[in-house]
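Reading through the structure tokens given below for one structure.
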Amino acid sequence: MITIDNILETNRMITENKLDVRTITMGISLRDCAHPNINQFCKNVYDKITKSAEFLVKTGEDIEAKYGIPIIHKRISVTPIAIAAEACETDSFVPVAEVLDKAAKEVGVNFIGGFSALVEKGFTKGDKILIDSIPQALSTTDVVCSSVNLGSTKAGINMDCVRQMGEVIKRTAELTRDQDALGCAKLVVFCNAPGDNPFMAGAFHGVSEAEKVVSVGVSGPGVVKHALEDLKGADFTEVAETIKKTAFKITRVGQLVAREASRRLGVPFGIIDLSLAPTPAVGDSVANVLEEMGLESCGAPGTTAALALLNDAVKKGGLMASSHVGGLSGAFIPVSEDQGMIEAIECGSLSIEKLEAMTCVCSVGLDMIAVEGDTTAATISGIIADEAAIGMINNKTTAVRVIPVPGKKVGDSVEFGGLLGRCPIVKVRNNWSSEAFIARGGRIPAPLRSLTN
Amino acid sequence: MKLVVTIFGKDQVGIIANVSNILAAKKVNITSVNQNIVDGFFNMIMMAELTDSSVKLAEIQKELKEKGHEMNLEIKVQNQEIFNIMHNV
């Protein structure tokens, strides 16, 4: 039996605390599109995507109206193009990115992910073509997202790819310099990438996934913050309990939406991604949740512990609310998309080193961080290597999405607009070179799984 | 389909009459009403049931939204399931 208080609480979460379902993402396998002729392959891809996702946006909008819960994004993820397009006799996958862009626009989704390669152990021919195509692909398309997985706990880190991705990020920034390197906001480098992540820019339809699936990413940092506002001075047991209960409620909504979307679209339900995904809107910030626990500003000593508790409690609460949990699941800490993080960078309490420490316990990694335009490729590769090492050793997903904005210096700020937000240029310790380290290449061997000290 | 109708705004003559008229025309049966006025602000939550399967929820939402706009009220119609699932294990 529901009570008046229940109704008021739910609607308050939606209107005041900005509870929303962040994304319904349809994963589509493109493995059956393979063809030696790239034009035929592109036609197969276009037809399959537009047919499979024809009603995705409309379905999302109908569910949104039915329950009165905003569903912000409708998106598509596809089989990593390095695999799907490998049979094509070509030296560039840019036309494939263009057809993904066209298909996504045709069905009305705002992002399509999967211009991706999985190269933690080595490159195939298709992987090499894909990675070489990334800068141009991201500069000639609007809604295509790209990702590269270059490390894993089982395989170690592909340092040749680490070196190359520093250069790819620089080149992408250069080719999209008139948009403040926006291309880099659509490019993420992973270690231990999950194949069922519904969130962009890192979504792709993993090779072990079904033909088509519908997955849902929930959000709601504002709701968690509000719940903690009543707990001033309470101990951490109580804080954790409250976060768990709140995460349960948030996730139940995601489960309801996922079930309904799956039924309406006739596509199996994949997973719920239990993530606290912030937006630049005031009150929708993960940094503010950490501050609500008693930190004067995000980045102050104690921040990593606060984030660890938050991340873990969100998972514990959400797990029971959903039949299948996957993806990235946890708290995201993108800088430009979180007003609290932006303020913390501006006031100096938060640095890239502290963010790196936070990525040991959050759900992803160094995300949406704008750095000086003259940051070298080797320095960016160094950042990627560090982040991949954290993921590899700790058996977790880590990622890097940094944006070296041409012409910008520390003290400047860059505006990406919309949900990508705004970012002050973050200081990187690049007075000391990583050049010789990155130039080595090769592979960092997979780590030991015992004696874990 | 079980519905929850929430209405919020400045108190005035005819809120309940107008809303329930629209619901009646759409064959929606009102099963419970909880209403109060605090500092001149009207607050109501109605539980209702849509009995005629040929009537679309979107039509009811559209008409009530228009009426809300006309009377300067915030009127929301939601499927009850979102509240059930969030607050019950």
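The values are calculated or read from the model by the stated rules, or taken from the named source; none is laboratory data. As the structure is a computational prediction, the values presented were derived from the model and not from experiment. Positions of Cβ are backbone-derived with ideal geometry, glycine not excepted, and every protein chain shown enters the neighbour counts. Each accessible area value is taken on the protein alone, full model and side chains, heavy atoms only, with ligands, DNA and RNA left out. Shrake-Rupley method; radii C 1.70, N 1.55, O 1.52, S 1.80 Å.
A residue that is outside any loop (DSSP other than H, G, I, E, B), open to solvent by less than 60 Å² (accessible area, probe 1.4 Å), within 14 Å of chain B (Cβ to nearest Cβ) and under 23 Å from A:SER219 (Cα atoms) occurs nowhere in segment A:23-35. Within segment A:298-321, is there a residue that is under 26 Å from A:LEU231 (Cα atoms), in contact (Cβ under 8 Å) with a residue 40 or more places away in the chain, open to solvent by 40 Å² or more (accessible area, probe 1.4 Å) and assigned to a loop (DSSP other than H, G, I, E, B)? Scanning segment A:298-321 turns up no residue that is under 26 Å from A:LEU231 (Cα atoms), in contact (Cβ under 8 Å) with a residue 40 or more places away in the chain, open to solvent by 40 Å² or more (accessible area, probe 1.4 Å) and assigned to a loop (DSSP other than H, G, I, E, B).
Taking the conditions exactly as written (touching a Lys or Arg at 6+ places or on another chain (Cβ under 6 Å) and within 12 Å of chain B (Cβ to nearest Cβ)), does A:GLY68 satisfy them or not? Judged against the criteria, A:GLY68 is a match. The residue that is farthest from A:LEU19 (Cα to Cα), counting only those in segment A:218-230 that are open to solvent by less than 30 Å² (accessible area, probe 1.4 Å) and not in a helix (DSSP H, G or I), is A:VAL218. If only residues of segment A:333-365 that are touching a strand residue (DSSP E or B) at 6+ places or on another chain (Cβ under 6 Å) and open to solvent by 10 Å² or more (accessible area, probe 1.4 Å) are counted, the one that is nearest to A:GLY202 (Cα to Cα) is A:VAL364.
Among the residues of this structure, A:VAL364 counts as one that is of a type outside the set (Gly, Ala, Ser), in contact with a Ser or Thr (Cβ under 7 Å, 6 or more places away or on another chain) and within 27 Å of A:ASP196 (Cα to Cα).
Whether any residue in segment A:287-295 is polar (S, T, N, Q), touching a helix residue (DSSP H, G or I) at 6+ places or on another chain (Cβ under 8 Å), away from chain B (no Cβ under 14 Å) and in contact (Cβ under 8 Å) with a residue 40 or more places away in the chain is what I want to check.
Looking through segment A:287-295, at least one residue is polar (S, T, N, Q), touching a helix residue (DSSP H, G or I) at 6+ places or on another chain (Cβ under 8 Å), away from chain B (no Cβ under 14 Å) and in contact (Cβ under 8 Å) with a residue 40 or more places away in the chain.
For chain B, the helices (runs of 4 or more DSSP H) that sit wholly inside it and include 3 or more residues that are within 14 Å of chain A (Cβ to nearest Cβ) are B:57-71, B:81-87. Selection over segment A:114-144 of residues that are open to solvent by less than 20 Å² (accessible area, probe 1.4 Å) and in contact (Cβ under 8 Å) with a residue 60 or more places away in the chain gives a count of 2. Selection within segment A:1-22: residues that are open to solvent by less than 20 Å² (accessible area, probe 1.4 Å) and among the charged types (D, E, K, R). The member of this set that is nearest to the other protein chains (Cβ to nearest Cβ) is A:ASP20.
Reported count of residues in segment A:153-196, each being among the small types (Gly, Ala, Ser) and open to solvent by 10 Å² or more (accessible area, probe 1.4 Å), is 3. When A:ASP47, A:ASP101, A:ASP62, A:ASP5 are checked against the criterion of being under 23 Å from the mean Cα position of the chain (by Cα) and in a helix (DSSP H, G or I), A:ASP101 stands alone in meeting it.
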